[in-house]
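The values are calculated or read from the model by the stated rules, or taken from the named source; none is laboratory data. This one's a predicted model, so the numbers in the text were calculated from it and none came from an experiment. All Cβ positions, glycine included, derive from the backbone under ideal geometry; neighbour counts span all protein chains shown.
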Amino acid sequence: MTAPAAVAALELTFAASLLVVAVNAVTGTLIAWVLVRDNFRGRSVVNALIDLPFALPTIVAGLTLLAVYGPKSPFGGWADVSYTRTAIVLALLFVTLPFVVRAVQPVLVELDREMEEAAASLGARPATIFRRIVLPNLMPAVLSGAALSFGKAVGEFGSIVLISGNIPFDTEVASVHIFKAIEGDDPAAAAAVSVVLLVLSFAVLVGADVLERRSRRHDA
Amino acid sequence: MRNGPGSRYALRTAALAYLAVILVVPCSMIVYHTFKDGLEPVWDALTDPAFLHALRLTLLTVAIAVPANTIFGVVCAMALVRRKSDRGSWFFNAAIGLPLALSPVVVGLSLILVYGQDGWFGGWLVDSGIQVIFSIPGIVLATMFVTLPFVVREVIPVLREVGTDQDEAAWTLGASKAQTFWRVTLPAIRWGVAYGIVLTTARALGEYGAVAVVSGRLAGQTETLTIHVDEQYLRFNEVAAYTTSLVLALLAVLTLVAMNVSKPRTQKEVADVDRRPPGDEALR
């Protein structure tokens with residue numbers, strides 16, 4: 001477990017996952033907001049598309065990402081980020097897209113608009129209303145969705161393995177490190193990194209469960 | 001909140017642009033790469049014996065994992081919802097969710113540590129001539145592991161909403177336990193079960209990581225559709241890889257349609273239960 005490559009892989013995995021979760025918290029809330037409060041043609045289609053990363057096999061996701069962000073990208077050389085850390089982040093953004101959206105959406109639907117109207121009639125600006133009234137109500141859902149996407153991002157394998165190049169100390173994430181250790185017939189090293197992921201997954205799940213209960217209490 | 005039309009369009013554009021870059025453009029690339037050399041290589045890929053065998057193996061895995069986890073899921077949900085105390089529920093919730101949050105590679109490793117040659121049951125399995133790891137039973141076990149939680153997690157909230165009134169009514173009217181289950185409980189939760197089955201099927205069709213660890217990756221023997229995609233890509237058979245991906249993606253879209261058909265009904269069903277006629281109260 002003290003193997004430097006394993007530590008580097010775990011550090012990369014956590015850093016990339018944290019970044020992805022932070023982006024997801026913002027974009028997920030934004031997408032949920034647009035899907036609930038806005039009205040436009042094709043909204044139901046967009047709404048159904050959100051679940052696509054859940055339904056699409058991860059290896060297929062990896063292959064499609066490689067088609068867009070790989071050396072044969074139709075957008076030219078600047079879009080080729082394969083074998084870089086950027087590719088890992090893009091892959092993780094793809095597979096974790098639905099979590100925050102699907103956590104925030106039902107809360108936003110249930111949210112009583114009277115509070116917002118009261119604040120508006122008292123002269124609050126839209127930004128203030130969002131920050132002081134909407135956001136505090138959405139926060140438990142955002143955090144619970146973020147926790148789930150963190151859990152998914154930390155363990156992700158299929159969508160990353162093709163595009164990341166899996167260079168030790170550079171673009172090798174924890175799950176790929178484990179996979180290589182198994183292939184290299186070193187189950188002890190694989191198990192050591194796995195235990196770290198296992199403990200982390202369990203902690204994240206318990207945390208998400210606590211947050212979900214808290215948000216349910218808010219509803220009542 | 002009263003938004004000006006300007007900020008509304010800005011938010012809408014930002015959200016849709018993000019979805020386009022992250023989701024829609026990559027997915028449309030599968031179609032493009034499949035058909036860029038015409039139809040003939042696509043047909044060759046679809047009639048390749050290795051592809052057909054992978055398809056059969058994936059369907060076999062689904063046919064075993066889905067019914068097994070459906071039965072387990074319903075039984076487990078009933079046990080969790082209808083037990084008397086609430087103690088330790090955080091533990092059970094986390095344990096049921098674990099296969100969802102766990103890295104698929106870790107799932108595969110755990111199976112090797114138990115059923116592999118040097119694993120707990122390894123010696124016994126070798127003596128009995130049963131090969132689990134690098135063989136079809138391993139693939140099925142890995143798929144069952146990762147799809148374990150879906151039915152449970154969908155059925156639990158529905159069971160909670162439905163309550164036990166109708167079961168108790170049936171019970172007092174002399175129905176046996178089996179009759180109560182088949183004629184009262186199961187019809188009430190059927191859409192929750194259906195939704196769980198759809199999710200289970202989707203994941204079973206598309207599981208890659210866990211299967212990749214325990215599959216021997218032998219074309220025509222232990223290759224599922226997802227492994228076939230990977231192997232074809234690594235052998236530079238791009239069209240075959242993308243064609244198989246397209247097949248899996250179409251199955252995923254079918255799943256999405258099934259999800260959207262069964263999901264609203266789940267919610268409606270629950271709402272209907274809440275609006276039961278007051279006469280039901282008399283049965284208590």
For residue B:34, only one of the following conditions fails: (1) under 17 Å from residue A:64 (Cα atoms); (2) facing chain A (nearest Cβ under 7 Å). What is its number? (2)
For residues in the range A:28-48 being at the interface with another protein chain (Cβ under 7 Å from one of its Cβ atoms) and without any contact (Cβ under 8 Å) to a residue 24 or more places away in the chain, which is surrounded by the most Cβ atoms within 10 Å (Cβ to Cβ)? A:34
Grab the helices (runs of 4 or more DSSP H) fully contained in the range B:48-123, keeping just those with 1 or more residues being closer than 30 Å to residue B:164 by Cβ. B:49-81, B:89-101
When the residues of the range B:182-231 are filtered to those that are within 14 Å of chain A (Cβ to nearest Cβ) and aromatic (Phe, Trp, Tyr), which remaining residue is surrounded by the fewest Cβ atoms within 10 Å (Cβ to Cβ)? B:195
Within the range B:220-263, the count of residues that are part of a helix (DSSP H, G or I) and in contact (Cβ under 8 Å) with a residue 12 or more places away in the chain comes to 27
Residue selected from the range B:124-139 under the condition in contact (Cβ under 8 Å) with a residue 24 or more places away in the chain and assigned to a helix (DSSP H, G or I), by the criterion nearest to residue A:159 (Cα to Cα): B:139
State whether one or more residues within the range B:68-84 are buried (at least 17 other Cβ atoms within 10 Å of the Cβ), assigned by TED's automatic domain parsing to the domain that holds residue B:215, without any contact (Cβ under 8 Å) to a residue 24 or more places away in the chain and not aliphatic (A, V, I, L, M). no
Has the range B:35-46 got any residue that is of a type in the set (A, V, I, L, M) and free of Cβ contacts under 8 Å to residues at least 60 places away in the same chain? yes
Where in the range A:61-179 are the helices (runs of 4 or more DSSP H), entirely inside, with at least 2 residues that are buried (at least 17 other Cβ atoms within 10 Å of the Cβ) and in contact (Cβ under 8 Å) with a residue 12 or more places away in the chain? A:85-110, A:113-121, A:135-155, A:158-161
Given the conditions (1) surrounded by 15 or more Cβ atoms within 10 Å (Cβ to Cβ); (2) in the same structural domain as residue B:217 (by TED's automatic domain parsing); (3) β-branched (Val, Ile, Thr), every one holds for residue B:22 apart from (2)
Does residue B:96 meet the test of being surrounded by fewer than 22 Cβ atoms within 10 Å (Cβ to Cβ), at pLDDT 90 or above and of a type in the set (A, V, I, L, M, F, W, C)? no
When you look at residue B:62, is it of a type outside the set (Phe, Trp, Tyr), modelled with pLDDT under 80 and farther than 23 Å from residue A:211 by Cα, yes or no? no
With criteria (1) small (Gly, Ala, Ser); (2) under 30 Å from residue B:157 (Cα atoms); (3) touching a helix residue (DSSP H, G or I) at 6+ places or on another chain (Cβ under 9 Å), residue B:28 comes up short on (2)
